[in-house]
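Since the structure comes first, as C-alpha cells, the remarks are kept for the end.
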Amino acid sequence: MATNVLTQNGTFRMDASLASASDVCPVCKSTAQTSPNLRFKVSSKCYHRICEGCVDRKFSAGKAQCPISGCHHMLWKRDWRLQTFEDIQVEREVDIRRRVWRTLDLTNLGLVEPEGGWENVFEDLRGYNDYLEMMEEMAMNLITNIDVPATNKKLRDYETANGLRKDKDDPKALLKAPVRQPGDYPDLSGLIRGLKMKKVAPKQAAYDVWEGVTKQREYFSLSAKHESSWDHYTNKKATMAGGWNVADYTEESLLRAFSGLGVFIENEKGGKMDMRLPLATIAPHADDVF
Amino acid sequence: MRFYIDELEVLFPYPRIYPEQYAYMCDLKRTLDTGGHCVLEMPSGTGKTVSLLSLIVAYQMHMPEKRKLIYCSRTMSEIEKALAELKALMRYRTKELGYTEEFRGLGLTSRKNLCLHPSVKREKSGAVVDARCRSLTAGFVKEKKERGEDVDVCIYHDNLDLLDPSNLVPTGVFTLDNLLQYGENHKQCPYFSARRMMPWCNVIIYSYHYLLDPKIAERVSKELSKDCIVVFDEAHNIDNVCIESLSIDITEDSLRKATRGAGNLERKIEEMKQNDEQKLQDEYQKLVQGLADAGTARDEEAFMANPVLPDDLLKEAIPGNIRRAEHFVAFLKRFIEYLKTRMKVLHVIQETPPSFLAHLKDYTFIEKKPLRFCAERLTSLVRTLELTNIEDYQPLQEVATFATLVATYESGFLLILEPYETEQAQVANPILHFTCLDAAIAIKPVFERFASVVITSGTISPLDMYPKILDFPAVVTESYSMSLSRKSFLPLIVTRGSDQQTMSSGFQVRQDPNVVRNYGNLLYEFAKITPDGLVVFFPSYLYMEMIISMWQAMGVLDRIWQYKLLLVETPDAQETSLALETYRTACENGKGAILLCVARGKVSEGIDFDHHFGRTVLCMGAPFQYTESRILKARLEFMREKYHIKEQDFLSFDAMRHAAQCLGRVLRGKDDYGIMVLADRRFQKKRNQLPKWISATITDGQTALSTDAAVGMAKKFLRDVAQPLSNQANERPAYNEKDLQAKDSWSSKDLELHQRIMKGRRAVGGGDEGRQVPNEQSYMPTAAAARDIAMSGTNSVNGSAKSNGAGARNEYEDEYDEEVDDDALLAVETMTDVQGAIGTTL
C-alpha cells in the first residue's frame, strides 16, 4: 500500500514506501502483520529494498555492505531513501534520467530558455529533436545496460569540457572551468549539435565626452610663446599666485578672434547641422529640469 | 402541397400544413439567407423533421451552389425516421415536379449495423465488429495480399475498389435497410460505400458523435465543405454529449490493461527488429521528416483518431525523444507507472492540467510536448507494427488520448481523483476523472467551420442558455407554441397532498413519510382515473428505490395493484426493454399499467409513449442533478467564471429541460392527448422555464394544486377529450385572420390567405420583414396569442437577450433545497383567493 502525502505548499510528494499486505522484508522477515506501519527503503546504488528498521540497525555505524546476499555494494546510511514509485525499475529509471537530464541541461551551458521554448536555441527544430533523441538514447543505454562505459565516458567528457565536474574523487575535476571565448560554440565538447552560435556583440567604442568635437584648432595654432605687451607679467610671482596663466589667456583671445569663421548663415538656415557648433546646441537631450 | 416562401418554392409532402410548421420554415429560411446559427424550439409531434427537410431540400434545389445538409440526430431510430421522411419527401417531389432530381441522401451508422461480412456481422459487440472489420480491411492487409501473402480480406470491401469512387451507389435516397439491400445485391460494403460517398451527397444523416467527438469527427467529417448546413436535432442534451466526448475516466484496472498493452507493443517491436528492421527504420525516417508527411497515411482506417490537435502542430515533427519505437514504449510505460502511483491516494484531489504537468515533469521527466504527440505517435506505431487485434490496445489508446488532451488544453478541463466510489466505502477503488468542463470546446470546430448550424428540439427552453453554454452567436432564437383546435393536454402543477402538506423531492423532506405517502396517494388517485398507460418519472434511481420500498411498507403498492400493473426501469438496458415490452402489452390489453422510470434514464430520452401508451405522465419531484458530485460542482464553478451563469440558473435549467423532456414523452402528435402532472412545490416558481408550448397553456388555476384538486381537473379534462373530435373547424373555408386562428392545420388556400394578410401587415408596418411589434412576433396568429404576449420573454429575435419569462426574473434565489417558505406560499394563495373572490363578485 502506498500513500501520497500532501505537503504544506499544496503539492504532493508521491510515496510508495508503506508496505503492502504481501511485502516481506528480506532481512528481518517482518511483514505488515507483524509490525504495522512497516516502511521500506530503497538503496540508490543497487535498488534493493529493505525495511526501515534494518537500515537503522545495519548502517548506523557507518559504511556497510548491502545486506542482500550476493550484493557487494558498499553503502552509507544516506544511500537509503524512501521509495517514490511502486515499480522499482521505474524508480531506477527515473534516477538515471535525472542524472542525464541534469548533466545535459542546456542551462548548464549558460543558455537561457527563450520565449518560445528550448527549440529556439537550436538552428532548427530538427536540431532540437536530435538533441532530445540523443538524451533519450543515453538514458535508455544506461537503463538497459547497453554500452554503459561508453555512455558514461561521453557524459564525463561533456562535463569536463564544459567545466561541470565537481567530483572530489577525481583529480581531473580540479581543472578550472574553461574560459568561454565570445565566439565559441556554446557546447565546448561538441556533443550537442545544431545550437545557435551565441551572438557576439560588436565591441563598443569608449564613450567620448566631447561627442566628436576635437581640440584641434583650424584657423590658428598656439606657439610656445607669443609676442605681447604683457610679457613681463608672465613670470611674475604675484600674477602667477592668482592662478593667471598667460597661455590660457592667449588661447581664449585667439579663439574669440577666429570663432565664427567657416560658419555660414545660409547653411544654418538650410537646417544643415554643422558638427562644429558649440556643445550645448549639439546635445539635443540636454536635461531640461523644468 | 406547394407554396412559396418569398421567392422559394417549397414542396411539402402533406396536403395540410400546421401553422407552426410554416413559421418554422420561415425562420429557418431567414437563418440560411443571412448565414449564421440558430436555435429553434418546436413542440414534439408537430412534424419538425419533415418541415426542416422539405425547406432545406427546396433551398438546396433552388440555390445554384447546392449547400450540403448534414443532419445529426441522437439515436438509431431517429436517424431511420429521418431517412424515411426524406425518402417520402423526395418521392413526392418527383411526383409533383414530373422528373427525378439529381439527389443523393445517405445515412451513416456504425459498422455493426451495416456489416455484411458473413462472420463479422454475427459479433454482438460493436467494438469487436470494428476491430475485426479493421483487421480485414486495413491498408496493410491489402498490401500483404498484393505481395501474395495469405491473409483474410473482406470481399465486400475490396469490391468497392473496382467501382467508380464517385458513384458507388446510384442517386436517390437510401435508408439503412435500402443500403444493406443494395450492398447485398451488388456485393459491396454498405458502410464504406456510405462513408466514401459522403462528399457526393446532398443530405447526410448520422449521429452527433460523427461530428462532435473529435476522435471520430477527424476521420469521418473532415472532408465536408464549409458551406454545409448542419442541423442538430433533439439537441436539448447537446452540451452533455460535447462534454462526454472529451472526458476520460481512468481506473486502476484500465491502467493494468494499458501496461499489458505496452508490454505487448514492446514484444512486437522486438520481433519486428529481428525480422523486419527496415520497416521500423522507415517509420523513424518518416517521423524525422515530420508529422505531415507521415500523415499521408492518415487514412480512413487509422487505428484510432486523435483528439483535436491544432493544425500548426500537425505540421511539426514528432519530438525527438519519442521518435524511436522503443523509446516511445518506455515513455508510455513510465507515464502509466506514474499514473498508477498517483492513484494511490486516500483523499480527493482536484487539479488543473498545468499543475498535473508540472508535477509529472518533476517526478518522471516527461515534458508537455512529447505528451501532446502521444496519440499520434501511438497510431503511427500501431500502423507500422501492422497490429490486427486492436481491441486489446483499447486501454492503452485511452491513456494516450488522455495524455494528448491533458497536454493540449490548459483551461476548461479538470483532473479529479476520487479514491472511493461512495463516501462510506472502505475499500479504495480510485478513479481518475479527466473531465471537460466546457461544452464549447468540442463543438467549437463545428461552429467555426460551418456557415449555418441549426440547433433544434422539442424542449430547448430557455433559449438563451444554449448560445451561452456552447459559446456561439445565434442569429435567430425562436420558440413556437402549438396550435390546437382543442385542448389536448393538461399540464398541472401539484404542490400539496390531500392533507395540504407540501410535496417535494428536496433533500430534507424526501424521507419524510408524509411526503412519501402523499406521493403514493397521488399515484394511486391517478392510477384510478387514467385510462391505459401511466408513466412516472423520478429524479434518480436511488430515490425511486427508496420511495418504492417505503410505499411497499405503507401498503400503497397493494392499493395501486388493484388498478394497474407496476413496472420499473432499471439501469440495465435489457431488463428495461423487457419491462417496456410488458408495459406495452399491458396497455394494449385490460386495465393498463404504470411504468416507473427515471428522468435521466433511457426511457425519458428515447422512448415515445404515444396515444394509449401514455395518457398521464407524473413527474414526482424536480429532476435536479446530484449536486454533491464533484464533477458537477467543478463544471458549475467553471460556468460561473467563464460564462457568468449562476449555479442555480444552470441547475434549474437542467432540471427543467429534463422535466420537459419527460412531459413531452406522452404527446406525440396533434391527435394525441394526455395529462402532465408536475408534482413538486419547486415547479411552482419554475414553470416559466418550461418550453413555451407547455408553459403557455398553464393557467394560474392549474398551479399550486392539491392532489384532490388536480384529480378533479384531470377527471373533467378526460371527460372533455372523450367527446368525438370534430374536424369541422379545419374544413370550413377561412376568410379572415380569425378563421385561421381557429384552425390547427392549413390547406394551401388557408396558407395563401395567411401570406396575404402578413404581406399586407408588413406593407403597413413600413415593409420591414422583421417583427418589430411584440404582438406580431409570430408568423402564426394562434389562439394562444394573447397569452404569448405575456410570455414574450421566451421569444427573442436576433439574440437580443431578454431574461426568460416574467417569473424567472425575480427568481434567482434558489429553492431547490431550502426550507419551504410556507408563509410566502400562504400569502400567494390568499392573494389568488382574494382575486378570485373579487372576480366572482364583479
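The values are calculated or read from the model by the stated rules, or taken from the named source; none is laboratory data. Note that the structure is predicted; figures quoted are calculated from it, not measured. Here the Cβ is made from the backbone with ideal geometry for all residues, glycine too, and neighbour counts use every protein chain on show. Heavy atoms of the whole protein, side chains included, go into the accessibility calculation; ligands, DNA and RNA do not. Shrake-Rupley method; radii C 1.70, N 1.55, O 1.52, S 1.80 Å.
Which of B:K121/B:K273; B:K48/B:K759; B:K112/B:K340; B:K444/B:K646; B:K692/B:K738 have a Cα-Cα distance over 30 Å? Beyond 30 Å between Cα atoms: B:K121/B:K273; B:K112/B:K340.
Among the residues of B:341-353, the average count of other protein chain beta-carbon atoms within 10 Å of the residue beta-carbon is 4.
Taking only the C-alpha atoms of region B:436-547, Rg followed by Dmax gives 20.6, 58 Å. Zone of B:Y284 (label point 7 Å along Cα→Cβ, backbone N under 11 Å): which residues in region B:372-390? Within reach of a label on B:Y284, which here means backbone N under 11 Å from a point 7 Å along Cα→Cβ, region B:372-390 contributes nothing.
Our analysis of chain B gives Rg over Rh at 0.98, with the two radii drawn from alpha carbon positions and Rh computed by the Kirkwood formula. Between the helical axis of B:748-764 and the dominant principal axis of chain B, each derived from Cα atoms, what acute angle in degrees is found, rounded to the nearest 10? Tilt of helix B:748-764: around 90 degrees.
Phi angles across region B:614-619 convert, under the Karplus curve 6.51 cos²θ - 1.76 cosθ + 1.60 with θ = phi - 60°, into 3J(HN,Hα) values of x, 9, 9, 10, 10, 9 Hz, Gly and Pro given as x. Based on the Cβ-Cβ distance of B:Y541 and A:R126, what FRET efficiency does E = 1/(1 + (r/R0)^6) give at R0 = 60 Å, to the nearest 0.05? For R0 = 60 Å, the calculated efficiency reads 0.60. Per atom type, region B:1-147 shows carbon and sulfur on 52% of its accessible surface, probed at 1.4 Å. Here r is the Cβ-Cβ distance between B:R761 and B:Y626 and R0 is 60 Å; the resulting FRET efficiency, rounded to 0.05, is 0.75. Cross-link reach is defined here as a Cα-Cα straight distance under 24 Å, omitting same-chain residues fewer than 8 places apart; for A:K29 the lysines meeting it are A:K41, A:K45, A:K58, A:K63, A:K77. In loop segments of region B:546-647 as defined by DSSP, the GluC sites (Glu not before Pro) with at most 14 further C-beta atoms inside 10 Å of their C-beta are B:E628. Computed with a 1.4 Å probe over protein heavy atoms only, the accessible area of B:C201 comes to about 10 Å².
Across peptide A:82-90, the mean count of Cβ atoms from other chains lying within 10 Å of each residue's own Cβ comes to 4. For A:W244, the solvent-accessible surface with a 1.4 Å probe is about 100 Å², rounded to the nearest 10.
Take the Cα of A:K236, step 7 Å toward its Cβ, do the same at B:A425, and the gap between the two points is 11.3 nm. Rounded to the nearest 5, the antiparallel percentage of DSSP beta bridges internal to the protein assembly as shown is 40%. Under a model in which nothing but the beta-carbon of Lys, Arg (+1) and Asp, Glu (-1) is charged, the protein assembly as shown shows a dipole of about 1440 debye around its Cα centre. Surface analysis of the protein assembly as shown yields an accessible area of 47 Å² per residue, using protein heavy atoms and a 1.4 Å probe. When you count the other C-beta atoms within 10 angstrom of each residue and take the mean per peptide, A:97-104, B:673-680, B:440-447 line up highest first as B:673-680, B:440-447, A:97-104. Per-residue ellipticity at 222 nm computed for chain B from its helices equals -15000 deg cm²/dmol, with DSSP H segments shorter than 4 residues left out and the rest contributing -39,500 (n - 2.57). Extension gain, A:T250 to A:R98, is 47.0 nm, computed as 0.36 nm per intervening residue step minus the present C-alpha separation.
Qualifying chymotrypsin sites (Phe, Trp or Tyr not before Pro) in region B:458-566, where qualification requires a DSSP coil assignment and no more than 15 other C-beta atoms within 10 Å, comprise B:F507.
Normalised by 2.2 N^0.38 Å, with N the number of residues, the alpha-carbon radius of gyration of the protein assembly as shown equals 1.27. Debye-formula intensities of region B:518-571, expressed as log10 I(q)/I(0) at q = 0.16, 0.20 Å⁻¹, are -0.45, -0.72 (one equal scatterer per alpha-carbon, no solvent). Applying 1/(1 + (r/R0)^6) with R0 = 25 Å to the Cβ-Cβ distance of A:E266 and A:E218 gives a FRET efficiency near 0.80.
Charge tally around B:P19: other residues with Cβ under 12 Å, Lys/Arg +1 each, Asp/Glu -1 each, net -1.
Taking every DSSP bridge with both residues inside chain B, close to 25 percent are antiparallel. The string of couplings for region B:675-688 from the Karplus curve (6.51, -1.76, 1.60, θ = phi - 60°) is 9, 10, 10, 10, 10, 5, 5, 6, 5, 3, 8, 9, 5, 6 Hz, one whole number per residue in order, with x for Gly and Pro.
A crude spin-label estimate for the pair A:D184 and B:D227, with each label 7 Å from Cα along the Cβ direction, gives 6.4 nm.
The GluC sites (Glu not before Pro) found in region B:134-206 that occupy coil by DSSP, while having at most 16 further C-beta atoms within 10 Å, are B:E149. The A and B chains share an interface that buries close to 2900 Å² of accessible area, total over both sides, probe 1.4 Å.
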